[in-house]
Structures are given as structure tokens and as C-alpha cells.
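Each value in this text was obtained by applying a stated rule to the coordinates, not by laboratory testing. None of the values given here were measured: they were computed from a predicted structure. Virtual Cβ from ideal backbone geometry, glycine too; neighbours counted across all protein chains shown.
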Amino acid sequence: MAASVALFYVFGRYRFPLVPLLMIPAGVGIVEIVRYAKRGARQRPALVGVAVCATALTAGAANWPINPEAQLDAMAYSNLGTVLAAQGDLDGAMELFQRAVAGNPQSAEAHYNLGLALALKGDHKRAVELLDRAGRLNPNAVQVDYNLAVSLEHTGQIDRALEHYRRALQIDPADADAGNAIDRLTRRED
């Protein structure tokens, strides 16, 4: 029973392939450590050293964290911010998106969410910075290029906006909004 609970814990939580293999020598190690303690410190078989190492490796591998807590918090802030934004609370959403960016600066989603919220609030200059960063972190996200192009257009950077509308259309040829924006801006130039 205890062994099945331990196996469930290891496989369900971490899925490390070495842990099941190390559990066998760790179990032997525990038995040998108990025997060693009963015999006294006079006899020291080599198996005890190996068993102690296997036990330590198993315990370390089973408790090794798979996701840093800051990244998990950032993901939670981002998700909660998305809910607040959907309910119309952009100020509350922006605060949570800022926490998400601070907690995980490599998250394209967090930068995108904060940039989009800033664009919706009318702060297109700051939105461009965040959406540009999101685009560098995830270069194949069509929504990033499209919304970056919209903010660039609002800041008067028409050439860069056209570049990102075209990129959005290249990533998703069915993006009618990007196609319409390209037509509108290229007619303006003529």
C-alpha cells in the first residue's frame, strides 16, 4: 500500500524517469541503514554508502520543483487579469498584468496582455513597447503583430504598422482585418 502511494506521488506529480529506478536501491538502502545501525559502527559494508547515495538522490529527485513559483504566480496573475479585462475592469487587469510581467519577464502572453490593455486605455506609445517585446518572445503570434500594427498606426508609424499588418497576414492569410488595414493604408499612400 505504502509503495503504491509513493509510486502514485512520484508519477503523478513529477514524472521523473529516474525516480522509479532509484526507488529500488533507495529501499535497499533504507534496509541496509537500519541493519548498519543495529550492528554498530564497527562494520561498514560498501552497500551502505551506495544505499545512502541512492536514498538521497531519490529524495532529491522526488522533491525537485518543476515550475518556479514566480512563473506560476505570473501565470495566475495573467489569467486573473484576463478575467477582469473581460468584465471591463481594465485598471484592475493592468495591475495584474504588470505583476505577471514582473514575475515572468520572458512571458510573451503577459507582455501581450499588458500591451493590449494599454492600447484599449489609449496609451499606444507604451502599448507598442510591450507588444513589440511580446512579438520578439513569440514571433508567430498573429494577434501580437496585428495589435502592434494598430498601436503603431495610432502613434503615426504607418510604415512599421504596414510591416506588422503584412506579417500578421503572412502568419494567417485568412486574417481579414489585417488585409483590410493594408488596403486602407496603401490607398492612403497613393
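Tabulated data for the structure shown
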item: Computed lengthening from ARG126 to THR186, 0.36 nm per intervening residue step minus Cα-Cα distance; result: 19.0 nm
item: Cα-based shape type of segment 141-190, given that a ≥ b ≥ c are square roots of the gyration tensor eigenvalues and the cut on a/c is 1.5; result: oblate
item: Three-way shape call for segment 69-189 based on the alpha-carbon gyration tensor, with the a/c threshold at 1.5; result: prolate
item: Neighbour net charge for GLN98 - beta-carbon separation under 12 angstrom, K R +1, D E -1; result: 0
item: Alpha-carbon centroids, segment 102-176 and segment 69-90: separation in whole Å; result: 19 Å
